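Colleague: Let me give you the structure first, and then I'll get to my questions.
The values are calculated or read from the model by the stated rules, or taken from the named source; none is laboratory data. Predicted model, so just to flag it, every value in this text is computed and none were measured. Cβ placement follows ideal geometry from the backbone for every residue including glycine, while neighbour counts extend to all protein chains displayed.
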Amino acid sequence: MMAESSLQFDPTKIWESQSFEHDRVLTVCAFSPCGKYVVAGARHEDVQRWQLESGDRMPLVAHRSWVMAMAFHPDSKRLLTGDYHGVVHCWNYADAKPTPLWTIQDTGHGWVCDLAIAADGKYFATAGNDKMVKLWSSDDGKPVAEFAGHEHHVFSLAFAPDSQTFYSGDLLGMVHQWSVATGSVLRTLDASALHERKENYLADVGGVRRMAISPDGNLLACSGMTEANGNTFCVGKAAVLVFDLATGKLKQTLRPKTKMDGPLEGLCFLPDGTIAAQGQLLHSTTSIEFWKPDTAEPFHVLKAPTGYSLHLHPDQLRLASACYQANGRTGNGRHTDKTEYTSNNGALKVYSLFEQPNDEKAKGKS
């Protein structure tokens, strides 16, 4: 790779620079603060850690259920992971063979749907199916506070840059801003366009699947889908709602150009304020799309697999994506042993946000 100082950030030049394969669908991913590793959770009990330079993989073994939430502590030493049994583990992620430093055996959420750490590193928050948001000490995982106010499952969390408040988004499309100090709801943002429930539906559909705050702290992006037309396969119109945090008002609704049949779940801001989001399309290829927050139409589209998580590298020049890759088996494990469910595959894709060097182009052609 070229010397980092010579690279020019440009999302329109994005290209796939690395791909790490896994035999389970990947659900969530993040680069380590030290920049040496990328880590992913999956529809499987192990967390996977890849070293970016060598490609070596090391599983982090302790969970006994799907891992759907993770966040690195800003001290560059620890990783927190949450699963669908309500368990949270804390790891020293750079160890040769990591084992948990401490564990929360039962958060009380049922499923840990999301996990977020404050920028100052003092606390982390978890959320899930019990309608609660809970605050914990990052030092030892001891409980600090509980936040009650949601009326349905809580899917997503995001701390404000000052670590004094955080946001939580639920299945009904309600986004609460909470005071860490008092535990009170400061205001509620209306993202209910991301929720649907008609009389003939068996359940609520949609919700605020992911949230991200802009680098300047002025905007909140909430991803999901609108106008779901049923709850059998939950097909709707993928969307990102962008809120102005000064006013709490909806600023823009972003729509992808590419066909998608589920919610946008991969979501992040890039350093120049660009919003990146990745969608879903069953058994087919879809895209990662890029918007300026003031413009409804994406300014760039990259063909990509279905993805559930996007994360920006500390160098701000690479983007990780946790992906689904169909392997010929349907969702119920057909074509395999009838007594065993066999997952489709996954891949951790790393995309570079700068022009592809000539030597890399030559490799791709050879």
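Colleague: Return only the number of the condition from (1) under 16 Å from LEU310 (Cα atoms); (2) buried (at least 17 other Cβ atoms within 10 Å of the Cβ) that GLY35 does not satisfy.
Modeller: (2)
Colleague: Now for a different question. Quick one: in segment 197-217, of everything that is free of Cβ contacts under 8 Å to residues at least 40 places away in the same chain and among the aliphatic types (A, V, I, L, M), which residue is nearest to ASN229 (Cα to Cα)? Reasoning before the result, please.
Modeller: Of segment 197-217, the ones free of Cβ contacts under 8 Å to residues at least 40 places away in the same chain are 197-203, 205.
Cutting the leftovers down to among the aliphatic types (A, V, I, L, M) gives us 202-203, 205.
Details: LEU202: 12, ALA203: 12, VAL205: 9 Å.
This residue is VAL205.
Colleague: Output the strands (runs of 3 or more DSSP E) that fall wholly within segment 268-319 and possess 2 or more residues being polar (S, T, N, Q), or say none. Working first, answer last.
Modeller: On the way: elements: 275-278, 286-291, 300-304, 307-312.
Because the criterion is at least 2 residues that are polar (S, T, N, Q), the strands (runs of 3 or more DSSP E) in segment 268-319 that meet it are 286-291.
Colleague: Looking only at residues in segment 27-71 that are in contact with a Lys or Arg (Cβ under 7 Å, 6 or more places away or on another chain) and hydrophobic (A, V, I, L, M, F, W, C), which one is nearest to TRP102 (Cα to Cα)?
Modeller: Taking the candidates together, the pick is LEU60.
Residue-by-condition table, conditions (1) surrounded by 20 or more Cβ atoms within 10 Å (Cβ to Cβ); (2) at negative phi; (3) touching a strand residue (DSSP E or B) at 6+ places or on another chain (Cβ under 9 Å):
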| residue | (1), (2), (3) |
| --- | --- |
| ALA148 | no, yes, yes |
| GLU151 | no, yes, yes |
| LEU171 | yes, yes, yes |
| HIS176 | yes, yes, yes |
| GLY183 | no, no, yes |
| ALA191 | yes, yes, yes |
| ARG197 | no, yes, yes |
| LEU202 | no, yes, no |
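Colleague: Failed condition for LYS198, given (1) over 20 Å from the mean Cα position of the chain (by Cα); (2) closer than 21 Å to GLY86 by Cβ; (3) of a type in the set (Lys, Arg), with all others met?
Modeller: So LYS198 meets the others, but not (2).
Colleague: Looking only at segment 285-303, decide whether some residue is on the phi > 0 side of the Ramachandran plot and either among the β-branched types (Val, Ile, Thr) or modelled with pLDDT of 95 or more (or both).
Modeller: As a first pass, look at segment 285-303 and keep what is on the phi > 0 side of the Ramachandran plot: none.
No, segment 285-303 contains no residue that is on the phi > 0 side of the Ramachandran plot and either among the β-branched types (Val, Ile, Thr) or modelled with pLDDT of 95 or more (or both).
Colleague: Give the residues of segment 137-148 that are small (Gly, Ala, Ser), within 23 Å of ARG78 (Cβ to Cβ) and part of a strand (DSSP E or B), sorted by residue number. Even if it seems obvious, please write down each step before you answer.
Modeller: Filtering segment 137-148 down to residues small (Gly, Ala, Ser) leaves 137-138, 141, 145, 148.
Keeping just the survivors that are within 23 Å of ARG78 (Cβ to Cβ) gives 137-138, 141, 145.
Result: SER137, ALA145.
Colleague: Looking at segment 27-64, which of its residues are modelled with pLDDT under 95 and assigned to a loop (DSSP other than H, G, I, E, B)?
Modeller: If the condition is that a residue be modelled with pLDDT under 95 and assigned to a loop (DSSP other than H, G, I, E, B), then ARG43 is the only one that fits.
Colleague: Does GLY82 meet the test of being at pLDDT 95 or above, surrounded by fewer than 23 Cβ atoms within 10 Å (Cβ to Cβ), closer than 21 Å to PHE159 by Cβ and among the small types (Gly, Ala, Ser)? Give the derivation first.
Modeller: On the way: at pLDDT 95 or above: yes; surrounded by fewer than 23 Cβ atoms within 10 Å (Cβ to Cβ): no; closer than 21 Å to PHE159 by Cβ: yes; among the small types (Gly, Ala, Ser): yes.
Judged against the criteria, GLY82 is not a match.
Colleague: Further question on the same structure: Picking from GLY279, GLY266, which residue would you name as being in contact with a Gly (Cβ under 8 Å, 6 or more places away or on another chain), at pLDDT below 95 and under 21 Å from ALA221 (Cα atoms)? Can you show your working first?
Modeller: Working: GLY266 fails: at pLDDT below 95.
Answer to the check: GLY279.
Colleague: Pairs only if they're at least six apart or on different chains, beta carbon under 6 angstrom, first in segment 116-140 and under 13 Å from SER168 (Cα atoms) and touching a residue at least 12 places away in the same chain (Cβ under 8 Å), second among the polar types (S, T, N, Q) and buried (at least 19 other Cβ atoms within 10 Å of the Cβ); list them, first residue then second.
Modeller: Qualifying pairs under 6 Å: PHE124/SER138; THR126/THR107; ALA127/SER168; VAL133/SER168; LYS134/THR126.
Colleague: Something else: Quick one: in segment 306-335, of everything that is farther than 19 Å from GLU45 by Cβ and among the hydroxyl-bearing types (Ser, Thr, Tyr), which residue is modelled with the lowest pLDDT?
Modeller: THR330
Colleague: Can you name the residue in segment 81-120 that is part of a strand (DSSP E or B) and among the small types (Gly, Ala, Ser) and, of all such residues, is nearest to the chain's Cα centre (by Cα)?
Modeller: Taking segment 81-120 and keeping what is part of a strand (DSSP E or B), we get 81-83, 88-92, 100-104, 112-117.
From what's left, among the small types (Gly, Ala, Ser): 82, 116.
Details: GLY82: 13, ALA116: 11 Å.
If we take residues in segment 81-120 being part of a strand (DSSP E or B) and among the small types (Gly, Ala, Ser), then ALA116 is nearest to the chain's Cα centre (by Cα).
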